[in-house]
Amino acid sequence: MAKKDIDWSNLGFGYIKTDYRYVSYFKDGKWDEGAIITDDKIQMSECAGVLQYSQNCFEGLKAYETKDGDIVTFRPDLNAERLQQSAARLEMPILPVEQFIDGVKKVVAANADFVPPYGTGATLYLRPFMFGSNPVIGVKPAEEYEFRIFTTPVGPYFKGGAKPIKIKVSDFDRAAPRGTGSIKAGLNYAMSLHAIVTAHKEGFAENLYLDPATRTYIEETGGANILFIDKEGNLVVPKSDSILPSITRRSLVYVAKNYLGLKVEERKVALSELSDFAEMGLCGTAAVISPVGSVNDHGKEILIPSGMEKMGPVLQKLYDTLTGIQMGRIEAPEGWIVKINK
Ligand SMILES: *Cc1c(COP(=O)(O)O)cnc(C)c1O
């Protein structure tokens with residue numbers, strides 16, 4: 001098998017159509033067995049549930065080529081479980097974990113030529129998603145659904161190393177109390193678009209959202225959880241029912257405790273505590289960790305002591321350890337790395 005002729009090191013984070021995608025249809029109360037297909041176009045009714053009432057949810061994970069030349073994915077069982085939680089909250093059917101993982105394995109194997117070579121920093125991004133496809137005009141859940149996984153090669157999130165970003169405390173909320181903040185629903189992103197466009201116009205890379213009920217505690221950004229390192233070198237992660245349970249964050253918490261011997265606190269973090277921390281970062285599948293250099297709170301700039309030049313030392317250690325595990329340089333905990341049979 002020959003790799004595609006792509007300038008891997010200069011890829012951005014955009015959509016490139018690959019040769020194959022996985023699809024499974026839900027009809028008459030059950031999922032079909034699923035198949036790999038070539039058609040990237042979806043045909044459905046103009047009145048489909050997803051188009052009228054936004055009944056959709058999604059996942060994001062990556063396939064990598066390791067040091068030894070294997071192709072692997074990282075903890076796809078957690079993506080499968082999270083998709084089930086999202087589907088349940090949106091009255092969508094539950095896709096079995098085994099079928100999700102089977103789809104991941106098949107679609108990566110089919111697109112193996114698009115998995116970037118080890119060492120380029122690029123990866124194959126997988127986007128599993130599910131949506132209501134039959135006509136729905138009275139407000140109710142759809143009866144038919146489509147589950148798909150497409151893949152797209154993506155570049156290293158930060159070319160030439162991760163530069164700390166400036167973010168702002170947003171006046172918008174991303175989630176309502178007891179709403180959908182803890183599931184991966186497209187509607188959460190639709191709501192965040194005006195806020196992110198506004199923040200970009202003002203010169204900020206991201207929005208820091210506060211808890212929607214009291215606006216005193218730190219939640220997360222539009223698409224990434226938040227990490228803090230306190231002055232004693234402990235990892236502190238905000239806890240809330242309206243934060244999306246990031247798999248990267250949960251993995252970093254494990255790495256901090258079991259690989260680096262750090263103390264970890266998962267607790268509510270007040271906005272007023274921001275100036276007490278030594279390092280701050282955002283975490284998610286796309287970039288693993290992006291360092292934050294400053295937070296603007298309505299004109300008051302809070303500078304994070306690790307500065308605007310590079311990632312702080314403890315976050316860097318966390319980053320190096322987790323990416324080392326993903327790329328096969330460091331031994332992984334049982335079950336974290338799932339090998340694809342090419
Ligand atoms: C997907 C997502 C994350 C990151 O989750 P990972 O599983 O680490 O990729 C964080 N916040 C939001 C709102 C998300 O949608």
(Q) All but one of (1) away from the ligand (no atom under 14 Å from the Cβ); (2) over 24 Å from Asn188 (Cα atoms); (3) not in a helix (DSSP H, G or I) hold for Ile101; state the number of the condition that does not hold. (A) (3)
Q: Would you check if there is a residue in the range 200-223 being free of Cβ contacts under 8 Å to residues at least 60 places away in the same chain, of a type in the set (Phe, Trp, Tyr) and in a strand (DSSP E or B)?
A: yes
Q. With (1) among the acidic types (Asp, Glu); (2) crowded, with 23+ Cβ neighbours inside 10 Å; (3) more than 21 Å from Thr285 (Cβ to Cβ) as the list, and Glu232 as the residue in question, which single condition is left unmet?
A. (2)
Q.
Restricting to the range 48-70, give me the number of residues that are more than 16 Å from the ligand (Cβ to nearest atom) and under 25 Å from Lys184 (Cβ atoms).
A. 7
**Q.** Among (1) more than 15 Å from the ligand (Cβ to nearest atom); (2) under 22 Å from His298 (Cβ atoms); (3) among the hydrophobic types (A, V, I, L, M, F, W, C); (4) not in a loop (DSSP other than H, G, I, E, B), the one test that Ile226 misses
**A.** (1)
Q: For the range 159-172, enumerate the residues that are at pLDDT below 95 and open to solvent by 60 Å² or more (accessible area, probe 1.4 Å).
A: Lys159, Gly160, Lys163
Q. In this structure, does Ala176 turn out to be open to solvent by 10 Å² or more (accessible area, probe 1.4 Å), among the hydrophobic types (A, V, I, L, M, F, W, C) and closer than 28 Å to Val264 by Cβ?
A. no
**Q.** Gly203 being more than 9 Å from the ligand (Cβ to nearest atom), at positive phi, open to solvent by 10 Å² or more (accessible area, probe 1.4 Å) and out of contact with any helix residue (DSSP H, G or I) (no Cβ under 7 Å at 6 or more places or on another chain)
**A.** yes
Q. If you check Lys239, Lys168, which single one turns out to be within 16 Å of the ligand (Cβ to nearest atom) and under 21 Å from the mean Cα position of the chain (by Cα)?
A. Lys239
Q.
Just to be sure I understand, how many residues within the range 282-298 are touching a strand residue (DSSP E or B) at 6+ places or on another chain (Cβ under 8 Å), open to solvent by 10 Å² or more (accessible area, probe 1.4 Å) and more than 9 Å from the ligand (Cβ to nearest atom)?
A. 4
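If you take the residues in the range 7-60 that are of a type in the set (Ser, Thr, Tyr), assigned to a loop (DSSP other than H, G, I, E, B) and farther than 18 Å from Val115 by Cα, which one is most open to solvent (accessible area, probe 1.4 Å)?
Among those that are of a type in the set (Ser, Thr, Tyr), assigned to a loop (DSSP other than H, G, I, E, B) and farther than 18 Å from Val115 by Cα, it is Ser54.
So, in the range 137-158, of the ones that are part of a loop (DSSP other than H, G, I, E, B) and under 19 Å from Glu65 (Cα atoms), which residue ends up most open to solvent (accessible area, probe 1.4 Å)?
Ranking the qualifying residues of the range 137-158, first place goes to Tyr157.
Out of the residues in the range 312-331 that are assigned to a loop (DSSP other than H, G, I, E, B) and within 23 Å of Lys62 (Cα to Cα), which is nearest to the ligand (Cβ to nearest atom)?
Top of the filtered list is Met327.
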Q: Report, by residue number, each residue of the range 241-269 that is free of Cβ contacts under 8 Å to residues at least 60 places away in the same chain and either touching a Cys at 6+ places or on another chain (Cβ under 7 Å) or open to solvent by 20 Å² or more (accessible area, probe 1.4 Å) (or both).
A: Ser246, Arg249, Lys257, Gly261, Leu262, Lys263, Val264, Glu265, Glu266, Arg267, Lys268
(Q) Take the residues in the range 171-191 that are assigned to a helix (DSSP H, G or I) and not hydrophobic (A, V, I, L, M, F, W, C); name whichever of them is farthest from the ligand (Cβ to nearest atom). (A) Gly186
Q.
Contact list please: Cβ distance under 9 Å, first residue in the range 273-296 and assigned to a loop (DSSP other than H, G, I, E, B), second residue within 16 Å of the ligand (Cβ to nearest atom) and of a type in the set (Lys, Arg), pairs at least six apart or on different chains.
A. Thr285/Lys62; Ala286/Lys62
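The values are calculated or read from the model by the stated rules, or taken from the named source; none is laboratory data. Since we're looking at a predicted model, the values are computed, not measured. Heads up, the Cβs are rebuilt from the backbone with ideal geometry, glycines too, and the neighbour counts pull from every protein chain shown. Each accessible area value is taken on the protein alone, full model and side chains, heavy atoms only, with ligands, DNA and RNA left out. Shrake-Rupley method; radii C 1.70, N 1.55, O 1.52, S 1.80 Å.
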